[in-house]
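Student: One structure, pasted below without further comment.
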Amino acid sequence: MRRFLLVSLALCFSALATAAATLDTITKRGTVRIGYIADQAPFSSVQPGAEPVGYAIDLCRKIADEIEHQSPQLKREFVEMTLAGGFDAVENEDVDLLCGSITVNLKRREIVDFSQPIFLTGASALLRKDSPSYLQALFRTEPAIHAVSERAATNVIGMRANTTTAGTLREQLATQESTTKLADFNTHEDGLKALEDRRIDAYIADQVLLINLAKRARDPSSLSVGDRLITHEPYAIALRRNDADFRLLADRALTDFYLSDEFLPLLESYFGAEAPMLHTQIIMQHVP
């Protein structure tokens with residue numbers, strides 16, 4: 001029994017030592033691998049032949065700058081990920097940071113750790129201005145400006161697969177009798193097209209993503225974004241578990257940037273008039 005306990009203890013310490021070596025691994029490799037989700041503008045997006053851009057990408061670059069203080073001439077490698085595979089990639093050490101509109105929750109924290117919050121939002125709906133009245137009432141506080149369709153609704157709500165919002169809605173519908181069906185889409189662009197083609201009545205996602213998505217519609221004036229939020233979604237950068245030193249490095253880099261004169265202009269470049277309110281929210285949530 002004593003030998004078994006000693007072996008188990010040794011294996012435990014070995015696992016912790018391996019997991020806690022993120023910075024050492026990056027230093028030996030000479031490259032920090034930054035994973036990103038491609039269709040999460042304005043947080044992370046990419047054009048063919050170019051490096052990814054976005055608010056979360058810029059914050060990941062700030063963390064890379066902090067790493068470079070300890071590892072001069074550090075290279076940055078961007079790795080496109082799917083949302084479903086991104087957390088496994090962090091856990092398996094395929095990427096060191098995962099950037100995008102990534103919500104923190106307990107289920108995901110079983111796989112990865114997270115930096116301090118980088119953004120706060122919630123889920124709402126992208127609607128056609130003639131979407132059925134029950135959806136207008138559910139997601140909008142003001143009456144519809146255009147005539148609302150009174151024809152039979154398709155009773156289908158779309159969302160991106162593998163998101164926290166999708167999981168929440170499925171759990172809610174499972175506890176009640178409802179004729180509403182949920183349709184999964186691989187990308188937000190696919191969901192937008194389905195809404196415009198009237199194959200779904202609404203598309204659910206985080207409000208900040210919907211605002212950006214609506215601008216890319218064939219006719220943005222025919223759509224509206226709900227102003228009621230149905231979930232609370234704190235975003236953060238995903239990191240490897242069991243590495244407090246690396247998380248401290250990431251949080252230190254973010255805190256220094258939040259308190260700098262550069263942070264508000266960055267928010268303005270991505271979120272316009274909402275920037276001052278967002279600045280206050282994030283400052284209140286950051287690690288002091």
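Student: Looking at Val95, Val79, which is the one that is in a loop (DSSP other than H, G, I, E, B) and among the aliphatic types (A, V, I, L, M)? Before you say what the answer is, go through the steps one by one.
Tutor: Details: Val79 fails: in a loop (DSSP other than H, G, I, E, B).
Exactly one residue qualifies, and that residue is Val95.
Student: Of the residues in the stretch 175-197, how many are in a loop (DSSP other than H, G, I, E, B) and either open to solvent by less than 30 Å² (accessible area, probe 1.4 Å) or at pLDDT 95 or above (or both)?
Tutor: Of the residues in that region, 1 qualify.
Student: Here's something else I'd like to know. Return yes or no: is Leu209 modelled with pLDDT under 95 and touching a strand residue (DSSP E or B) at 6+ places or on another chain (Cβ under 6 Å)?
Tutor: Criteria not met by Leu209.
Student: Let me ask something additional. For the stretch 76-84, indicate whether the set of residues that are modelled with pLDDT of 95 or more and either in contact with a His (Cβ under 9 Å, 6 or more places away or on another chain) or open to solvent by less than 30 Å² (accessible area, probe 1.4 Å) (or both) is non-empty.
Tutor: no
Student: Name the single residue, out of those in the stretch 30-40 being at pLDDT 95 or above and surrounded by fewer than 18 Cβ atoms within 10 Å (Cβ to Cβ), that is nearest to the chain's Cα centre (by Cα).
Tutor: Only one residue tops the list, namely Thr31.
Student: Any residue at all in the stretch 50-59 that is more than 30 Å from Ile204 (Cα to Cα), among the β-branched types (Val, Ile, Thr) and surrounded by 19 or more Cβ atoms within 10 Å (Cβ to Cβ)?
Tutor: No; the residues of the stretch 50-59 include none that is more than 30 Å from Ile204 (Cα to Cα), among the β-branched types (Val, Ile, Thr) and surrounded by 19 or more Cβ atoms within 10 Å (Cβ to Cβ).
The values are calculated or read from the model by the stated rules, or taken from the named source; none is laboratory data. Everything numeric in this text was worked out from a predicted model, so none of it was measured. For neighbour counting, all protein chains shown are included, and Cβ atoms are generated from backbone atoms with ideal geometry for every residue, glycine included. SASA here: full protein model, heavy atoms, side chains in, ligands and nucleic acids out. Shrake-Rupley method; radii C 1.70, N 1.55, O 1.52, S 1.80 Å.
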